[in-house]
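The structure appears below as structure tokens.
No value in this document is a laboratory result; all are computed from the given coordinates. Bear in mind the structure is a predicted one, so any value in this text is a computation, not a measurement. Cβ atoms come from the backbone with ideal geometry, glycine included; neighbour counts cover every protein chain shown.
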Amino acid sequence: MMTALAIAAGFMALLGVVLGLVLAVASKKLAVEEDPRIDEVEEMLPHANCGACGYPGCRPFAEALVKGEEPPSKCTVSSADGVAAIASFLGVDAGSAEKRVARLACAGGKNVARFKAAYQGQPSCRAAVAAGGGGKACAWGCLGLADCEASCTFDAIHMNEQGLPVVDEDKCVACNDCVLACPLDLFSLQPVSHKLWVACKSLAEGDQALAECEVACTACGRCAADAPGGLITIERNLARVHYDKNRLATRFPIERCPTGAIVWLEDGKAHKGAAAKKIVRKEPLPVISETQP
């Protein structure tokens, strides 16, 4: 009995040695040599691991750069000097990539948008939506509970005094975190050349939209009528900018918008047209239920 066990143990030990040798030989024969430039290029990248380049981190992007699959300029977080340094090191053209930033499709702060109930739950937009919508009269409007601000690891989003998130385009790296954090899909990543912007997502009809929010798009059609070449259309009670025709974009279509729902974004500011109602109120509007007998 002991002899049989000893033989079995010896066989297993020998088998382990043989398999180990086979694996060692295979690892050498099948090993893929990694280009040493990958480490150097990764070191030259900003280590933000933000995903703005379309890759899950700086390492896989460095691999793509070394393989010649992407231009260095696709890292929009790097400085111009940083991009040039990588291009020079790899001996390639830096290429060109337009910076993208997060944009919010809502301008309905507490001073212009009404609430039908005061939300008292967990201070989170996602929690408020799950608990009945958060109490805002406009079902598409920003709830102002700062999930986007909390999600931004680049300190590019801050809530203003009216409970709306404001994006600092200089700090924004288009990482997509705020897009994922917003339960109402109010954020999107846009090239900075998309200056004509509809700051509203309400699909309510004109009078209802206006009753819920003083800066809502009422689908009046003036912007579409003033825009050249089908640049703007009205779809489901909301103005839509067709960015495939962005070359036609000017400030002219915003001028007759009565609510200022469509704006021109430039120099970090949202510029409204001449016909837009001037909003001077600073204090929040009363909750609708509080104004009813």
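Counting helices only, and only those DSSP H runs with n ≥ 4, report the 222 nm mean residue ellipticity of the chain as the sum of -39,500 (n - 2.57) divided by its residues, in deg cm²/dmol to the nearest 500. When only DSSP H runs of four or more count, the value is -8500 deg cm²/dmol. Measuring against 28 Å, Cα to Cα, the residue pairs K74/K110; K245/K282; K99/K201; K136/K278 contain K74/K110; K245/K282 as the ones spanning a longer distance. What the Cα convex hull of the chain gives, in volume per residue, is 222 Å³. In a fully extended conformation the segment linking A118 and S96 would gain 3.1 nm over its present Cα-Cα distance, using 0.36 nm per residue. By its C-alpha gyration tensor, with a ≥ b ≥ c as the square roots of the eigenvalues, how is the stretch 37-90 shaped: rounded for a/c under 1.5, else prolate for a/b larger than b/c, else oblate? Rounded is the answer for the stretch 37-90, as its axis ratio a/c remains below 1.5.
Unpaired cysteine residues in the chain (no second Cys Cβ under 4.7 Å): C53, C58, C75, C125, C138, C152, C172, C182, C213, C220, C223, C257.
Using DSSP H assignments, which helices in the chain have an axial alpha-carbon span of 20 Å or above and a mean Kyte-Doolittle hydropathy of -0.5 or higher? Counting only whole DSSP H runs, the qualifying helices are 2-29. For the stretch 184-198, 3J(HN,Hα) computed residue by residue from phi via the Karplus equation (6.51, -1.76, 1.60; θ = phi - 60°) reads 9, 6, 8, 9, 8, 9, 10, x, 5, 6, 7, 8, 7, 9, 9 Hz, glycine and proline entered as x. Exposure proxy for D267, D226, D39, D93: other Cβ atoms within 10 Å of each Cβ, ordered fewest to most, give D267, D93, D39, D226. Annotation: the residues R100, R240, sorted from fewest to most other C-beta atoms within 10 Å of their own C-beta, follow the order R240, R100.
As a proxy for reagent exposure, M159, M44 were ordered by neighbouring Cβ count within 10 angstrom, fewest first; the result is M159, M44. Across the stretch 120-128, coupling constants 3J(HN,Hα) worked out from phi with the 6.51/-1.76/1.60 Karplus curve, θ = phi - 60°, read 10, x, 4, x, 8, 4, 5, 5, 5 Hz, and Gly and Pro carry x. Summarising the amide proton neighbourhood of H271: residues at separation of 5 or more, or on other chains, whose placed amide H is nearer than 5 Å comprise W264, L265, E266. Placing unit charges on each Cβ (+1 for Lys and Arg, -1 for Asp and Glu) gives the chain a dipole about its Cα centre, and among C50, G260, G82 the Cα reaching farthest toward its positive end belongs to G260. Within the chain, the longest segment free of exposed loop sites, counting GluC sites (Glu not before Pro) that fall outside DSSP classes H, G, I, E and B and have at most 13 other Cβ atoms within 10 Å, spans 206-293.
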